[in-house]
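The values are calculated or read from the model by the stated rules, or taken from the named source; none is laboratory data. What you see is a predicted model, and the numbers here were worked out from it, not measured in a lab. Because the Cβ atoms are built from the backbone with ideal geometry, glycine has one as well, and the counts that use them run over all protein chains shown. Side chains included, ligands, DNA and RNA excluded: accessible areas come from the protein's heavy atoms. Shrake-Rupley method; radii C 1.70, N 1.55, O 1.52, S 1.80 Å.
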Amino acid sequence: MYPELPDIEPYESQLAFETFPTVGLTKTYCINGQIADSSCTATAYLCGVKANRGTIGLSGAVPRYDWAASLQEAARLSSIAAWALDDGRGAGIVTTTRVTHASPAGAFAKVANRHWENNAEILKDNQDPNLCSDIAQQLVHSYPGNRFKVILGGGRREFLPISILDEEGTAGRRTDGRNLIEEWQADKRARNVTYNYVWNRNQLMNIIEPLPEYLLGLFEGDHLPYHLEADSATEPSLAELTEFAIRSLSRNEKGFFLFVEGGRIDHAHHDNLAELALDETLEMSAAVARAAELLSEDDSLIVVTADHAHVMTLNGYSPRGTDILGPSNDRDEAGVPYMTLSYSNGPGFRPHINGTRADVTTEPNYRRVEWMSHVDVPLESETHGGEDVAVFARGPQHAMFAGLYEQSQLPHLMAYAACIGPGLHACSAAATQLLTPALLAATTYSILLKIYILFE
Ligand SMILES: [Zn+2]
């Protein structure tokens, strides 16, 4: 007699990027932090330099909040998006967060505090927005943001004055009276280029050929909703946004750089919402799949990685076939169930009663999407993790992404493959020396993902 086989179908499926031929690992720590935030990591993987926590697009010479230091020319970094533009290629960003949030801002901003997304946030820190411009203003008016062909995500509130309610009733947050959505359009008019601003899925889907040269899509006042909570009729999916961006940027015969972020995976983890985090990861995978369909492996490099890890753990000894979102098949020492997916810290803490853990499986909202898994250490927000994160690569020079290396090496590898930027290039005769990948270290669990696409 053979034992009954578990339902192994879910274990046989792969995320889109798991089919990529090369896997590597990066170390994500910041200059002044064992465990990273997304601003120092975005600076690492988009500008190629490790930075201080909370700073974007600036070298380690700039401490957080030090706007004066941020104006020193030597401290201001250029991103791989700028390297692409400098070479006559296109560039764009797609995210499910506010487009001014730390990770996408790494592609265009130079700012001493990631929270300076609008002028009012700078004033709150007793600094002068006339001396250091906010992230939304940099995106609209400064290079390279003002040359991005596609900007798709959320965050209208950072672009609008407090006196204005946006199309869906969210109030603007700017106290300088400026409407940067109008200013973005005025800038394109002044440059005599075609453009379109959209704020909902219908408008995006109804854009017809020929596509505008420049596209700004801001679909929410704040971040885009979680996919499981969104109305798919009115909210674009990450895959749809990615497809639109690729179609738009592909018109440049010299190629393009595109940054795509599934940014709400991180937010779900911060709230210990494991199911939402996994579902957002599936959305990210769908976006990668769409990109891989649209782009040839022969001429397009796709790199998928994460800003940093989180402190979710996959634990216990449940048999295969057990619901990954359910409890483990065994119990703790007091006989109380525990979840297969739980967290080291975060808001999901339940007080112990007489030294015994709470039985979370009896809670009235157990397993609803807003239900938090349990944690050891009570914190308002779950923290990031310090483990290395995975890198998946497909396309020209993909094998360079194998090994264990610093996160700041990523854009240099991409630039080498695409023959852009200040370093060595795969297509120049002078490039005789490949960067040598190191030994693979222990595997890790990383689930905040980005795609970078370089088309040459
Ligand atoms: Zn985070």
Here are GLU370, GLU363, GLU387: which of them is open to solvent by 70 Å² or more (accessible area, probe 1.4 Å) and more than 30 Å from LEU410 (Cα to Cα)?
-> GLU370
How many residues does region 52-80 contain that are open to solvent by less than 10 Å² (accessible area, probe 1.4 Å), more than 16 Å from the ligand (Cβ to nearest atom) and not in a helix (DSSP H, G or I)?
-> 4
Specify the residue that is least open to solvent (accessible area, probe 1.4 Å); the eligible residues are those in region 27-39 that are among the hydrophobic types (A, V, I, L, M, F, W, C) and away from the ligand (no atom under 12 Å from the Cβ).
-> CYS30
In the set ASN196, ASN272, which member is free of Cβ contacts under 8 Å to residues at least 24 places away in the same chain, buried (at least 16 other Cβ atoms within 10 Å of the Cβ) and touching a Pro at 6+ places or on another chain (Cβ under 8 Å)?
-> ASN196
Filtered residues of region 184-193 (kept if of a type in the set (S, T, N, Q) and assigned to a loop (DSSP other than H, G, I, E, B)) = ASN192
Selection status of ARG247, open to solvent by 10 Å² or more (accessible area, probe 1.4 Å), away from the ligand (no atom under 16 Å from the Cβ) and closer than 27 Å to SER79 by Cα = yes
Checklist (1) closer than 30 Å to TRP371 by Cβ; (2) buried (at least 23 other Cβ atoms within 10 Å of the Cβ); (3) out of contact with any Asp or Glu (no Cβ under 7 Å at 6 or more places or on another chain) applied to GLY221, failing item = (3)
When you look at GLY263, is it buried (at least 21 other Cβ atoms within 10 Å of the Cβ) and more than 16 Å from the ligand (Cβ to nearest atom), yes or no?
-> no
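Residue-by-condition table, conditions (1) closer than 18 Å to ARG178 by Cα; (2) assigned to a loop (DSSP other than H, G, I, E, B):
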| residue | (1), (2) |
| --- | --- |
| VAL49 | no, yes |
| ALA82 | no, no |
| GLY88 | no, yes |
| GLY92 | no, no |
| THR95 | no, no |
| THR100 | yes, yes |
| ALA107 | no, yes |
| HIS115 | no, yes |
| GLY153 | no, no |
